Structure formats: C-alpha cells, structure tokens
Amino acid sequence: MSSLKELAGLMRELDDQLVSCMRCGLCQAVCPLFAETGREADVARGKLALLSGLAQEILTNPQGIQDHLSRCLLCGSCAANCPSGVKVLDIFIKARAILAGYLGLSTVKKVLFRGLLSQPAWFDRILAWGAKFQGIFVKPVDDLLGSSCARFMSPLLSDRHFKALAPVPWHLKVPRRDTAPGAANLRVAFFVGCLIDKLYPQVADAVLQVLDHHGVGVFLPAGQGCCGIPALSGGDTQTFRQLVRLNLELLDDAALPCDFLVTACATCSSTIKKLWPLMMADAEPALQERVAALAAKTLDISQFLVDKLGVAPAAIFPAAGRIPLTYHDPCHLKKSLGVAAQPRALLAANPAYSLTEMPESDWCCGCGGSFNLQHYEASAAIGARKRDNIAASQARVVATGCPACMLQITDMLSQAGLRVQVKHTLEIYAESLRK
C-alpha cells in the first residue's frame, strides 16, 4: 500500500482539479463507451461526480469506485473536447493510484506488474519462452491478417482473434545500436515499446530502414523496459516510477546526447511526453528536470519525419491502379498529442497507395489496453463500429500508428471475415523507399 502521506498528496491534487468540471455533459457526445451503454456512470461527467466525494466514498465503497473507474478506455476523447479544459485523464489516473494505494494491488497485478513488467530482462525471457511453445495453445486463423485464436477454451482469450507472439522478439535481432549522424545531421534515441518488440518486429525494422535512408544517427540502448502505462493504468505507481527511472538511465545518456527521442507507438509517445512528467512531479528536482527534458524532445516517428526532416507527399497520381488505403487515428496520437496530418503525409508519400478517409477516423477503436482485458464485450462493441467504418471505406489496407490499435482492429476484422490488411504507417512509408 502507498503511504498515507502520498495518498493525501494525491487526494489534494485531485480536489484541485475536480472543481474545473462544470458538469455540462459535452463529454457524452464523444465518449465511445457511453455511445454503447448510455450509462451516465460510464461517461467522464459521471465519474468526476463520483470522485468529488472520494474522501468519504473511499471509506465506504472503495471497490465500487474502483470498478467504475476501470470502465474507462483512457482514450482522452472527453479531455480533448472539454470546454473547461478539465484534465480528465490526469484525474482518472491519479484516482486509480489513490484507490490502488488504499486497497492494495490484486495478486494478479502484483505478479504482472511487480513480478514481470518491472524486470525487463525476466519479462523478455518469459515471453521469448512463450513464443517457442505458443503453437500448443494457439492456431492460425487468417494468413493475410496474421490472426490466430485459442486452440482450447480460455477465459482470457475467449473468442478473440489475436496476433501471436513473433517467433523472435526484435531486441534479440537488434539488441543495441549506436550510429553517427549522416546527411540529416541529426541523432535520435529510439524507444521500441513492448508490443512492437514482441508482436510487430517488422515495424521496428521499418523505423531503422527509414532513419538509415534519411541519414539519421540512431542510439538504441539494450535492456529497454515498458514505458509504464499498463502499471500506471492499474494504479501501480511504484512499478511505473521504477520503469521511468530505468528507461531514463538508458535513454538520457549525457555522454551520448540525442536531438530527439522517437517512438513508433502512439501510447508510448503519449506516456513519455505527458505522463512521465505528471507522475514524477514529486521526485527530486534533478530527476524531474531530466524527465521533463526527455519528454520535451520526444516525438512520434511520423512527427519527426515530417516536421523535422521535411518528408512530403508524393506527386498526385490518378487513383486507378493504386491500392485503396484508409487511416485510423490512434487516440493517444491525435487527441493527446495533436498529431494527425503527419501520418497522412507519410502515407501520401507512397504513390502505390490511394488514401481514402473512413467515417469517424478518430473514433476510438475500443482497445484501451487493460480495458480490453477487463471489459471485452464493451471493447468489442466499440471495435465493431471501427470495423464497419473501415469496411465502408472499401480500402484493402488500414494503416495506423499504434500497435495496440493494430491488435484491436485485427481482432475485429478477422472475426468478421473481412480481409483488410492492417499495417503501421511506417511500414507503408518504408515500402516506398525500397523501389
């Protein structure tokens, strides 16, 4: 459990932020969960009203509040559209930390977060072992989508169609790298992220290919850990802070300074840029400064390529003969970081594809990380709306900049029998460089 001093501090911060909410209800119109359930408790306004009495409720019904807070995708749709500028995600994350500190972590979370996630080397070994033997438990479903399903009934996997672990995680293929700047005269640190490392290594390959092509030096330290968002979403601030410190020591090397830190994962970008400084605000001043400095130079890979290197769309070609492509805006990329034009510019730089916007391109796909695990029925209902919008675009490929979104979209398309390829934006752009 967290100390009473820490909990009291978080409670005071929460009270200061809650007063900004006018209870106008505009969050209802943009909340993907409320659109499916119609429940006031599922929308930001309802949760904020519940939290306004947290000091009293935590003594009478802490588990009930925790259950309500878990029913949130943390997509940021409410915060991005709030006329009062309420920092809803900050509030919900701090509230989850307060409740986890008061109630303690469940056994499952202790094993996942403190037994595995907080120890990257052990976490890597466990999943590498799992990749070798996963064929016993999973079977392929769709070769185009690369989806699989469980061979046996499983309460966790249920009816999901998921992406199997890569046979070899990327960190074993490329354990470290340190190249000097080339023509671009820039050097970046590359934060890989768990899902790209273990499920989508081809995305990391594309990142290095693109950076090499543009003459960008790359610093890739060995031993990177998770960005910390799973632990933080679960209220485990101890593991989160441990991971921040670990990654900071690897990436913020004063002897080898980098111009930028880039990631190909929207969630990792948002976490490093927004949540690392937020949740390390009570650390020692020197550490706060280092976290803030690294966050300030963190960019999504599409931002870096377009805004810093000047990558631009190719000349306009007739649509005939080009592969129809659509794009899904990850919530953490567009709503949290305001990055929407840059991924589209990268897609338009490949003349083999023709981009057609799907309806509601920035509507949440329904993944929400742990939300998908805890509330799969609601997650799938939200995902079905995204699936239908993809189908309406008549695209043969859907691109996005978040591996978690790739997982969710693959699941929804595969279960519906829709053979639409799911690719990362960088994969599409990298293809144009091979010709």
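The values are calculated or read from the model by the stated rules, or taken from the named source; none is laboratory data. What you are looking at is a predicted structure, and each value in this text was computed from that prediction instead of being measured. Glycine also receives a Cβ, built like all others from the backbone with ideal geometry; neighbour counts cover every protein chain displayed.
Would you kindly identify the helices (runs of 4 or more DSSP H) lying entirely within segment 65-172 that contain at least 1 residues that are within 18 Å of residue 235 (Cα to Cα)?
Numbers: elements: 77-80, 88-103, 120-133.
In segment 65-172, 88-103 are the helices (runs of 4 or more DSSP H) which contain 1 or more residues that are within 18 Å of residue 235 (Cα to Cα).
Of the residues in segment 189-213, how many are acidic (Asp, Glu) and in contact with a Ser or Thr (Cβ under 7 Å, 6 or more places away or on another chain)?
First, the residues of segment 189-213 that are acidic (Asp, Glu): 197, 205, 212.
Within this subset, residues satisfying the condition of being in contact with a Ser or Thr (Cβ under 7 Å, 6 or more places away or on another chain) are none.
Summing the residues that are acidic (Asp, Glu) and in contact with a Ser or Thr (Cβ under 7 Å, 6 or more places away or on another chain) in segment 189-213 gives 0.
Across segment 331-355, what is the total count of residues that are buried (at least 23 other Cβ atoms within 10 Å of the Cβ), among the hydrophobic types (A, V, I, L, M, F, W, C) and assigned to a loop (DSSP other than H, G, I, E, B)?
Within segment 331-355, residues that are buried (at least 23 other Cβ atoms within 10 Å of the Cβ), among the hydrophobic types (A, V, I, L, M, F, W, C) and assigned to a loop (DSSP other than H, G, I, E, B) number 1.
Quick one: is residue 297 charged (D, E, K, R), within 21 Å of residue 402 (Cα to Cα), touching a strand residue (DSSP E or B) at 6+ places or on another chain (Cβ under 6 Å) and not assigned by TED's automatic domain parsing to the domain that holds residue 79? Outline the logic, then answer.
On the way: charged (D, E, K, R): yes; within 21 Å of residue 402 (Cα to Cα): yes; touching a strand residue (DSSP E or B) at 6+ places or on another chain (Cβ under 6 Å): yes; not assigned by TED's automatic domain parsing to the domain that holds residue 79: yes.
Against the criterion (charged (D, E, K, R), within 21 Å of residue 402 (Cα to Cα), touching a strand residue (DSSP E or B) at 6+ places or on another chain (Cβ under 6 Å) and not assigned by TED's automatic domain parsing to the domain that holds residue 79), residue 297 qualifies.
Considering every residue within segment 178-186, establish whether at least one is surrounded by fewer than 23 Cβ atoms within 10 Å (Cβ to Cβ), part of a strand (DSSP E or B) and in contact (Cβ under 8 Å) with a residue 24 or more places away in the chain.
Quick first cut of segment 178-186, residues surrounded by fewer than 23 Cβ atoms within 10 Å (Cβ to Cβ) only: 178-186.
Adding the requirement that they be part of a strand (DSSP E or B) leaves 178, 186.
With the extra rule that they be in contact (Cβ under 8 Å) with a residue 24 or more places away in the chain, the set shrinks to 178, 186.
Yes: segment 178-186 contains one or more residues that are surrounded by fewer than 23 Cβ atoms within 10 Å (Cβ to Cβ), part of a strand (DSSP E or B) and in contact (Cβ under 8 Å) with a residue 24 or more places away in the chain.
Give me a count of the residues in segment 136-167 that are more than 18 Å from residue 414 (Cα to Cα) and surrounded by 13 or more Cβ atoms within 10 Å (Cβ to Cβ).
Of the residues in that region, 3 qualify.
For the structure I just gave you, tell me whether residue 244 is among the β-branched types (Val, Ile, Thr) and over 30 Å from residue 68 (Cβ atoms).
Values: among the β-branched types (Val, Ile, Thr): yes; over 30 Å from residue 68 (Cβ atoms): no.
No, not satisfied.
Spot the failing condition for residue 234; the list is (1) modelled with pLDDT of 95 or more; (2) out of contact with any Gly (no Cβ under 8 Å at 6 or more places or on another chain); (3) closer than 16 Å to residue 110 by Cα, and only one is missed.
That leaves (1) as the condition not met.
If the Cβ limit is 8 Å and pairs must be 6+ apart or interchain, which residue in segment 364-378 that is of a type in the set (A, V, I, L, M, F, W, C) pairs with which residue that is assigned to a helix (DSSP H, G or I) and at pLDDT below 90?
Pairs found: 371/70.
Among residues belonging to segment 313-330 that are at pLDDT 90 or above and in a loop (DSSP other than H, G, I, E, B), point out the one that is farthest from residue 367 (Cα to Cα). I'd like the intermediate steps shown before the answer.
Within segment 313-330, the first condition is being at pLDDT 90 or above, and the residues that meet it are 322-330.
If we keep only those that are in a loop (DSSP other than H, G, I, E, B) too, we end up with 322, 328-330.
Values: 322: 30, 328: 13, 329: 13, 330: 10 Å.
That would be 322.
Being farther than 28 Å from residue 405 by Cβ and in a helix (DSSP H, G or I) is the filter here, so list the residues in segment 259-287 that pass it.
The answer is 285, 286, 287.
Among 298, 326, which is the only one that is surrounded by 14 or more Cβ atoms within 10 Å (Cβ to Cβ) and closer than 15 Å to residue 425 by Cα?
On the way: 298 fails: closer than 15 Å to residue 425 by Cα.
Checking each option against the conditions leaves just 326.
Does segment 412-429 include one or more residues that are touching a residue at least 60 places away in the same chain (Cβ under 8 Å) and among the charged types (D, E, K, R)?
yes
With 197, 178 as the choices, which residue is touching a helix residue (DSSP H, G or I) at 6+ places or on another chain (Cβ under 7 Å), assigned by TED's automatic domain parsing to the domain that holds residue 258 and acidic (Asp, Glu)? Spell out the reasoning first.
Numbers: 178 fails: touching a helix residue (DSSP H, G or I) at 6+ places or on another chain (Cβ under 7 Å).
Exactly one of 197, 178 is touching a helix residue (DSSP H, G or I) at 6+ places or on another chain (Cβ under 7 Å), assigned by TED's automatic domain parsing to the domain that holds residue 258 and acidic (Asp, Glu), namely 197.
Restricting to segment 391-403, what's the tally of residues that are part of a helix (DSSP H, G or I) and surrounded by fewer than 24 Cβ atoms within 10 Å (Cβ to Cβ)? Show your work before the answer.
Here is the first cut: in segment 391-403, the residues part of a helix (DSSP H, G or I) are 391-393, 403.
Cutting the leftovers down to surrounded by fewer than 24 Cβ atoms within 10 Å (Cβ to Cβ) gives us 391-393.
Final tally of qualifying residues: 3.
Of all residues in segment 398-421, which are within 16 Å of the chain's Cα centre (by Cα) and among the β-branched types (Val, Ile, Thr)? Before the answer, list the steps.
Of all residues in segment 398-421, those within 16 Å of the chain's Cα centre (by Cα) come to 399-410.
Scanning segment 398-421 gives 400, 409, 410.
Collect the residues in segment 415-435 that are closer than 20 Å to residue 201 by Cβ and either among the hydroxyl-bearing types (Ser, Thr, Tyr) or in contact with a Ser or Thr (Cβ under 9 Å, 6 or more places away or on another chain) (or both), keeping them in residue-number order. I'd like the intermediate steps shown before the answer.
Here is the first cut: in segment 415-435, the residues closer than 20 Å to residue 201 by Cβ are 421-431, 433-434.
Of everything in segment 415-435, those that are closer than 20 Å to residue 201 by Cβ and either among the hydroxyl-bearing types (Ser, Thr, Tyr) or in contact with a Ser or Thr (Cβ under 9 Å, 6 or more places away or on another chain) (or both) turn out to be 422, 423, 424, 425, 426, 429.
All but one of (1) surrounded by fewer than 21 Cβ atoms within 10 Å (Cβ to Cβ); (2) touching a residue at least 40 places away in the same chain (Cβ under 8 Å); (3) closer than 26 Å to residue 388 by Cα; (4) not hydroxyl-bearing (Ser, Thr, Tyr) hold for residue 320; which doesn't?
Every condition holds for residue 320 apart from (2).
Restricting attention to segment 322-343, and to residues there that are among the aliphatic types (A, V, I, L, M) and in contact with a Phe, Trp or Tyr (Cβ under 8 Å, 6 or more places away or on another chain), which single residue is farthest from residue 406 (Cα to Cα)?
323
Please give the number of the condition residue 290 fails out of (1) free of Cβ contacts under 8 Å to residues at least 24 places away in the same chain; (2) in a helix (DSSP H, G or I); (3) under 22 Å from residue 263 (Cβ atoms).
Just one mismatch for residue 290, condition (1).
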